[in-house]
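First up is the structure itself, then whatever we jot down about it.
The values are calculated or read from the model by the stated rules, or taken from the named source; none is laboratory data. These numbers come from a predicted model, not from an experiment. Cβ coordinates were reconstructed from backbone atoms using ideal geometry, including for glycine residues, and neighbour counts include every protein chain displayed. We work out accessible area using only protein heavy atoms, side chains counted, and drop any ligands, DNA or RNA first. Shrake-Rupley method; radii C 1.70, N 1.55, O 1.52, S 1.80 Å.
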Amino acid sequence: MKALNSSLQETVEAFDNVRDYLHTFEFTLGGNWEYDHGSFDRYLDEAHKVWLRIPFEVTEGTLDGDTDETDAMVKIGTPYVLKHVYNEGNDPEAHMMTVSALVNQFQTPLDPDAEIESEWIGKAEQLMRDVERKWLH
């Protein structure tokens, strides 16, 4: 993981405005959101292994996922780049168990916090500059 400096850190804004604006840059609400925090994620590579993540915390109101409207206000955290390295191909530890297959469909990353090449950090920094330059204007 590599943290990025951003002028957006500590910015408080309506969740709807942030979500709609970041969608124009192909960010989506990360699947790890909770009622009091979450992140907007955008892949940087075609294999979807390198991601730019913009975390946020809910400062007031209620967040109920990626619904059309919410009264939530969010505070932007420190953006960061992360890389997950997954085992390509079949999982050698996999067993043919119906119940387990329904729950454990995906392999555990070989390295959930792999070293990030400078090209991806540069791409993430440029994307953040683009997001900052046009921020909700």
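Quote the charge dipole size of the range 1-72 about the Cα centre in Debye, to the nearest 20; the model charges only the Cβ of Lys and Arg (+1) and of Asp and Glu (-1).
540 debye
Report, in listed order, any pair from K83/K134; K83/K123; K2/K75; K49/K134 with a Cα-Cα distance greater than 22 Å.
Exceeds cut-off: K83/K134; K49/K134.
Counting other Cβ atoms within 10 Å of each Cβ, which GluC sites (Glu not before Pro) in the range 28-71 have at most 12 and sit in a DSSP loop?
E34, E46, E69
Solvent-accessible area of V12, probe 1.4 Å, all protein chains present, reported in Å² to the nearest ten, please.
It works out to around 70 Å².
Between D130 and M1, what FRET efficiency comes out of the Förster formula 1/(1 + (r/R0)^6) with R0 = 22 Å and r the beta carbon distance, rounded to 0.05?
0.55
By its C-alpha gyration tensor, with a ≥ b ≥ c as the square roots of the eigenvalues, how is the range 16-76 shaped: rounded for a/c under 1.5, else prolate for a/b larger than b/c, else oblate?
The shape class here is prolate.
Evaluate E = 1/(1 + (r/R0)^6) for H37 and E69, where r is the Cβ-Cβ distance and R0 equals 25 Å; express this FRET efficiency to the nearest 0.05.
Step by step, r from the Cβ atoms, then E = 0.80.
Please give the contour-minus-distance gain from S118 to T62: 0.36 nm per residue of separation, less the Cα-Cα distance, rounded to one decimal in nm.
16.4 nm
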